[in-house]
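Below is one structure, written out as structure tokens, with a few remarks after it.
The values are calculated or read from the model by the stated rules, or taken from the named source; none is laboratory data. What you see is a predicted model; the values in this text were computed from it and never measured. Counting neighbours? That spans all protein chains shown, and the Cβs are built from the backbone with ideal geometry, glycine included.
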Amino acid sequence: MSGAAGPGSAHEAAERSWIASRGRALSGDLSVPGDKSVSHRAVMFAALADGRSRIDGFLEGEDTRATAAIFSAMGVCIEAPSPSCRIVHGVGIDGLRAPADVLDCGNSGTAMRLLAGLLAGQRFDCVLAGDASLSKRPMLRVMAPLREMGATIDSDDGERPPLRISGGRPLRGIAFDSPVASAQVKSAVLLAGLYAQGETAVREPRPTRDYTERMLAAFGWPVEFAPGEARLSGGHRLQARDIEVPGDFSSAAFFIVAATLVPGSSLRLRSVGVDPRRTGLLEALRMMGADIRETGRRDGVCGPVADIEVRHAPLHGIDLPEALVADMIDEFPVFAVAAACAKGCTRVTGAGELRVKESDRIHAMASGLAALGARVEETADGMLLEGGRLGGGRVDSLGDHRIAMAFAVAAQQAEGEVGIDDVANVATSFPGFEALAQAAGFGLRQA
């Protein structure tokens, strides 16, 4: 949890649970919270820009608030005139000031990895820390290329937070062939490149979401990018602008799958970001037989935005193409629920990255679904799922917000109540999930 959580928050996180059960057919028009990835980057780039930026649709989650608090600690004035709105008075690319204390990223791997790149080029020393979950996540994949650029970054065990970054180190641009398909790794290198001499280029084994590249361009930084590669040079400046944050596709995903699974459902999700590097879940569900339509498509600062209309449809199992995995990495938990409720077998491979998210999501979903009676076999980089009926039972989300919400969806098709433990971290990405889910038709309550 972020530093704003207050004393006792870890205890509360361990104690808080849900009871989920079958509700009614899902219906209505819903608006999900603002995109977390866009909200993080909007605050970062607005803080480094020259001038005043307004961010509407900002996600009021603990992760994104932690990012805003970090920039406030480095001398950026950030106002919150109303919920989901931030006014950021940028200090310029070279205007950040040394913080007085450790910079607390809370539960956010996005914040820590992107900030590691951005802060590697500052004049001052700083320390990036996080909660117990984030402190277990690997950071060497970011530290290694940043060190190649000239940064000095250390940690207690050589890999995991807290990260100690020494300031005043001149950075040089590199051509980096990333060994993993990770938008966070790519973004960290590009953000360090803002402060580096010469050109910084990143190539990926598979294309990942390009929010960093799109938003840098929107703030006026010259950047060239195409699927799987990006390049920029240092020595430019960012110009303030207003940002409208679209609905978070990862948050919409829980309602998309629930409406697909629950008979009689017909649901519309308003103004959701549908960048193709983010929406592999839609393609996977359509391959399984889902009835999903995008309407009112228009351009946004980080790619296309659309309303998503979903109706119930029976699903069948598939061999998930590995090419889709990077485009649905955050949606895997709820995809696994869809597969567990589909007819036939679903096979997932090439998803090893899931083992180093907020939890080991392959193991968490395999063990949780097995506890509800699913036939599931965990593999090194994925799983085999034989669809069928789910029963009631008790599962542990392991403090992972997406695992918790995925099992709330599973309960809508279970033949008994599902107890879901350790759900407090849902607030990191989807504040208000319970109320919105209940309004849409979920059976869901506090234990």
Inset, instruction - Look at Ala25 and say whether it is within 30 Å of Ala313 (Cβ to Cβ), in a loop (DSSP other than H, G, I, E, B), in the same structural domain as Ala439 (by TED's automatic domain parsing) and over 22 Å from the mean Cα position of the chain (by Cα). - result: yes
Inset, instruction - Of the numbered conditions (1) touching a Pro at 6+ places or on another chain (Cβ under 7 Å); (2) without any contact (Cβ under 8 Å) to a residue 60 or more places away in the chain; (3) not β-branched (Val, Ile, Thr), Ser271 fails exactly one; give the number of that condition. - result: (2)
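Conditions (1) touching an Asp or Glu at 6+ places or on another chain (Cβ under 9 Å); (2) under 25 Å from Ala447 (Cα atoms), marked per residue:
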residue	(1), (2)
Ala342	no, no
Gly368	yes, yes
Gly373	yes, yes
Val376	yes, no
Ala380	no, no
Gly387	no, no
Ser397	yes, yes
Asp400	yes, yes
Legend entry - Candidates Gly92, Gly3, Gly61, Gly51 - the one that is modelled with pLDDT under 95 and surrounded by fewer than 24 Cβ atoms within 10 Å (Cβ to Cβ): Gly3
Inset, instruction - Please tell me if Asp381 is of a type in the set (Asp, Glu), surrounded by fewer than 22 Cβ atoms within 10 Å (Cβ to Cβ) and either closer than 23 Å to Pro138 by Cβ or in contact with a Cys (Cβ under 9 Å, 6 or more places away or on another chain) (or both). - result: yes
Inset, instruction - Might you check whether a residue that is in contact (Cβ under 8 Å) with a residue 40 or more places away in the chain, out of contact with any His (no Cβ under 8 Å at 6 or more places or on another chain) and among the aliphatic types (A, V, I, L, M) occurs anywhere in region 121-128? - result: no
Inset, instruction - Taking Thr200 as the residue in question, decide whether it is touching a strand residue (DSSP E or B) at 6+ places or on another chain (Cβ under 9 Å), hydroxyl-bearing (Ser, Thr, Tyr) and free of Cβ contacts under 8 Å to residues at least 40 places away in the same chain. - result: no
Legend entry - All positions within region 87-120 that are more than 20 Å from the chain's Cα centre (by Cα), over 22 Å from Gly158 (Cβ atoms) and not in a strand (DSSP E or B): Gly92, Ile93, Asp94, Gly95, Leu96, Arg97, Ala98, Pro99, Ala100, Asp101
Legend entry - Leading residue by the ranking (nearest to the chain's Cα centre (by Cα)) among those in region 376-404 that are basic (Lys, Arg) and either in a loop (DSSP other than H, G, I, E, B) or modelled with pLDDT of 95 or more (or both): Arg394
Legend entry - Matching residues in region 205-228 - criterion: being closer than 20 Å to Arg141 by Cα, touching an Asp or Glu at 6+ places or on another chain (Cβ under 7 Å) and surrounded by fewer than 24 Cβ atoms within 10 Å (Cβ to Cβ): Gly228
Legend entry - Where a residue in region 404-423 is touching a residue at least 40 places away in the same chain (Cβ under 8 Å) and more than 19 Å from Phe255 (Cα to Cα) and its partner, wherever it lies, is among the polar types (S, T, N, Q) and in a loop (DSSP other than H, G, I, E, B), with Cβ under 6 Å and at least six apart: Asp422/Ser397
Legend entry - Filtered residues of region 50-86 (kept if assigned to a helix (DSSP H, G or I) and small (Gly, Ala, Ser)): Ala66, Ala68, Ala69, Ser72, Ala73
Inset, instruction - Test Ile308 against the criterion of being closer than 28 Å to Glu213 by Cα, touching a strand residue (DSSP E or B) at 6+ places or on another chain (Cβ under 6 Å), in the same structural domain as Phe407 (by TED's automatic domain parsing) and not in a helix (DSSP H, G or I), and give yes or no. - result: yes
Legend entry - Subset of region 315-367 (residues that are part of a helix (DSSP H, G or I) and among the β-branched types (Val, Ile, Thr)): Val325, Ile329, Val334, Val337, Val356, Ile362
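Listed here are the residues, each with its yes/no results for (1) closer than 28 Å to Val202 by Cβ; (2) surrounded by 22 or more Cβ atoms within 10 Å (Cβ to Cβ); (3) not acidic (Asp, Glu).
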residue	(1), (2), (3)
Arg231	yes, no, yes
Gly234	yes, no, yes
Pro263	no, no, yes
Ser271	no, no, yes
Thr279	yes, yes, yes
Leu282	yes, yes, yes
Ile292	no, no, yes
